[in-house]
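Written below as structure tokens is the structure these notes are about.
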Amino acid sequence: MNMFDSVTVLAVDDVEMNLRMVKLILQDLGQFVFIGAHNGVEALAALERSPDVDIVLLDLDMPVMDGFETLRQIKGNEHLREIPVIVITSDKSEVLRTLGMGANDFMARPYNPEELKLRVMNHLRSKKLSDLSHDMNNILEGEVIKKTSALKGALEQSQRAEFEISLRLGRAAEFRDLETGMHIQRVSEMSKELARLAGLPAEECDLLRHAAPLHDVGKIGIPDRILLKPGRLDDSETKIMQLHTEIGGKILSESQNFPVLKAGQIIALQHHEKWDGSGYPRGMSGTDIHIYGRIVMVVDIFDALTSERPYKKAFSIEKTLQIMEEGDGVFFDPTLLRHFLDNLSIFTDIKQEYSDDAAGSPSVLELLAMT
């Protein structure tokens, strides 16, 4: 796994054999540093000594301090809460509780060693991308301070960096979802056009175009078994899937100084809120939902309905319009939906231009390889 300079893994389990097993499974992660702890107290002490830990594998049933309290303290500490935590448990009834406490994933014991390694690699990718975003923010702030004499140039550089971060995080989410990179590009272009039709200023239309790719960035934190499930989700899986809005909001938090990332946070949190208040995560309604969230909901649902997904075939334009019209005033802002339907050719042209099967359209893996 040579994409990382180094990887530090903290495994917490009171059974020494389990720690040795984890170390053996993960030993080919490249420059790999393994830290073992036998309870929560030892784990927290290790995190204090080694703040560069990249991921925590956490057992729940331990003496001195169990996994629940350890998880609570990790996610309650502003310096530690961004470290991904994979809970390892033999009791599936504990899964929802730990995910609700902020755990990023879980593995049911006994687990497949190869699956554990793949899950760890996925979360390490997400952690490194998040670190890149935070580091870039710090660099940008320093550059703006240092180049106050050339403010225009510094702002342009900041915007370019924001756009790059937005695109990379959006592609990371699409990579997890096994879709092509064209989905985020279509949502981006359609969002800009619907914003224009709604009368937003040109600057906001461009802002929305660059922020819209972040709408599903929270899917980075959804377990593979749910994100990639080919059939319908059950009630508990649906609740976990819906957490992607709040996860996205957390990933993009503390971005007040960066307009694209701040707009992306609003979109990530609100693009599943419904006009009638029946959406999630907060049950917002009407114009209490930010117009960015209302715009992205319209174009995202249009693109989802007309695209093939693991759980469905692509719907025809006719069936899609029927479904969307039934959502008028329920799912959708009636005014925005009318702008969309009255100018449908704009959006179908975008759909065609950035189609998944258009000649030369790159896949997500190809897009990542080009960056």
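The values are calculated or read from the model by the stated rules, or taken from the named source; none is laboratory data. Treat the numbers as computed from the prediction; the structure is a model and nothing was measured. Here the Cβ is made from the backbone with ideal geometry for all residues, glycine too, and neighbour counts use every protein chain on show.
On the basis of being closer than 21 Å to ARG186 by Cβ, assigned by TED's automatic domain parsing to the domain that holds THR348 and either touching a Phe, Trp or Tyr at 6+ places or on another chain (Cβ under 8 Å) or surrounded by fewer than 16 Cβ atoms within 10 Å (Cβ to Cβ) (or both), does ALA263 make the cut? Please lay out each step first, then the result.
Values: closer than 21 Å to ARG186 by Cβ: yes; assigned by TED's automatic domain parsing to the domain that holds THR348: yes; either touching a Phe, Trp or Tyr at 6+ places or on another chain (Cβ under 8 Å) or surrounded by fewer than 16 Cβ atoms within 10 Å (Cβ to Cβ) (or both): yes.
Taking the combined requirement at face value, the residue satisfies it.
If you check ILE247 against the conditions, is it of a type outside the set (S, T, N, Q), in the same structural domain as ILE350 (by TED's automatic domain parsing) and over 27 Å from TYR354 (Cα atoms)? Don't jump to the end; show me each part of the working.
Working: of a type outside the set (S, T, N, Q): yes; in the same structural domain as ILE350 (by TED's automatic domain parsing): yes; over 27 Å from TYR354 (Cα atoms): yes.
Yes, satisfied.
Restricting attention to the range 96-119, and to residues there that are in contact (Cβ under 8 Å) with a residue 40 or more places away in the chain and under 16 Å from the mean Cα position of the chain (by Cα), which single residue is nearest to LYS75 (Cα to Cα)?
So, considering only residues that are in contact (Cβ under 8 Å) with a residue 40 or more places away in the chain and under 16 Å from the mean Cα position of the chain (by Cα), the one nearest to LYS75 (Cα to Cα) is ALA103.
Output the number of residues of the range 325-359 satisfying the condition of being among the hydroxyl-bearing types (Ser, Thr, Tyr), free of Cβ contacts under 8 Å to residues at least 60 places away in the same chain and over 13 Å from GLU189 (Cα atoms). First the steps, then the outcome.
Of the range 325-359, the ones among the hydroxyl-bearing types (Ser, Thr, Tyr) are 335, 345, 348, 354-355.
Those left that are additionally free of Cβ contacts under 8 Å to residues at least 60 places away in the same chain: 345, 348.
Filter again for over 13 Å from GLU189 (Cα atoms), leaving 345.
Final tally of qualifying residues: 1.
What tally of residues in the range 11-24 results from selecting those that are aliphatic (A, V, I, L, M) and surrounded by fewer than 17 Cβ atoms within 10 Å (Cβ to Cβ)?
At the first step, the residues of the range 11-24 found to be aliphatic (A, V, I, L, M) are 11-12, 15, 17, 19, 21-22, 24.
Imposing the further condition that a residue be surrounded by fewer than 17 Cβ atoms within 10 Å (Cβ to Cβ) reduces the set to 15, 17, 21, 24.
Summing the residues that are aliphatic (A, V, I, L, M) and surrounded by fewer than 17 Cβ atoms within 10 Å (Cβ to Cβ) in the range 11-24 gives 4.
Report every pair of residues separated by at least 6 positions or lying on different chains whose Cβ atoms are under 6 Å apart, first residue within the range 28-52 and surrounded by fewer than 16 Cβ atoms within 10 Å (Cβ to Cβ), second small (Gly, Ala, Ser).
Final answer for the pair search is GLN31/SER6.
Would you check if there is a residue in the range 302-310 being at pLDDT 95 or above and of a type in the set (Ser, Thr, Tyr)? Can you show your working first?
Taking the range 302-310 and keeping what is at pLDDT 95 or above, we get 302.
Checking the rest, the ones that are also of a type in the set (Ser, Thr, Tyr) come to none.
Looking for residues that are at pLDDT 95 or above and of a type in the set (Ser, Thr, Tyr), one finds none in the range 302-310, hence no.
Suppose we filter VAL296, VAL330 for residues that are in the same structural domain as VAL217 (by TED's automatic domain parsing), of a type outside the set (Ser, Thr, Tyr) and out of contact with any helix residue (DSSP H, G or I) (no Cβ under 8 Å at 6 or more places or on another chain); which single one remains? Can you show your working first?
Numbers: VAL296 fails: out of contact with any helix residue (DSSP H, G or I) (no Cβ under 8 Å at 6 or more places or on another chain).
From the options VAL296, VAL330, the qualifying one is VAL330.
Among the residues of the range 72-95, is any aliphatic (A, V, I, L, M), farther than 25 Å from ILE240 by Cα and in contact (Cβ under 8 Å) with a residue 24 or more places away in the chain? Walk me through how you get there before you give the answer.
So the first thing to find is which residues in the range 72-95 are aliphatic (A, V, I, L, M), and the list is 74, 80, 83, 85-88, 95.
Still in the running and farther than 25 Å from ILE240 by Cα: none.
The answer is no; no qualifying residue exists.
Please go through (1) under 15 Å from ALA195 (Cα atoms); (2) modelled with pLDDT of 95 or more; (3) not hydroxyl-bearing (Ser, Thr, Tyr) for ALA263 and return the number of the only condition it doesn't satisfy.
(2)
List the strands (runs of 3 or more DSSP E) inside the range 31-90, counting only whole elements, that have at least 3 residues being closer than 19 Å to ALA108 by Cβ. Outline the logic, then answer.
Numbers: elements: 32-37, 55-59, 85-89.
Result: 55-59, 85-89.
Quick one: which residue in VAL56, VAL64, VAL85 is surrounded by fewer than 16 Cβ atoms within 10 Å (Cβ to Cβ) and either modelled with pLDDT of 90 or more or out of contact with any helix residue (DSSP H, G or I) (no Cβ under 9 Å at 6 or more places or on another chain) (or both)? If you could, list the steps in order and put the result at the bottom.
Numbers: VAL56 fails: surrounded by fewer than 16 Cβ atoms within 10 Å (Cβ to Cβ); VAL85 fails: surrounded by fewer than 16 Cβ atoms within 10 Å (Cβ to Cβ).
It is VAL64.
Taking the criterion of being in contact with a Gly (Cβ under 9 Å, 6 or more places away or on another chain) and either of a type in the set (S, T, N, Q) or modelled with pLDDT of 95 or more (or both), would at least one residue in the range 238-248 satisfy it?
Yes, there is a match, as at least one residue in the range 238-248 is in contact with a Gly (Cβ under 9 Å, 6 or more places away or on another chain) and either of a type in the set (S, T, N, Q) or modelled with pLDDT of 95 or more (or both).
Please enumerate the residues belonging to the range 266-312 that are surrounded by fewer than 18 Cβ atoms within 10 Å (Cβ to Cβ), among the aliphatic types (A, V, I, L, M) and farther than 21 Å from PRO334 by Cβ.
Passing the criteria: none in range.
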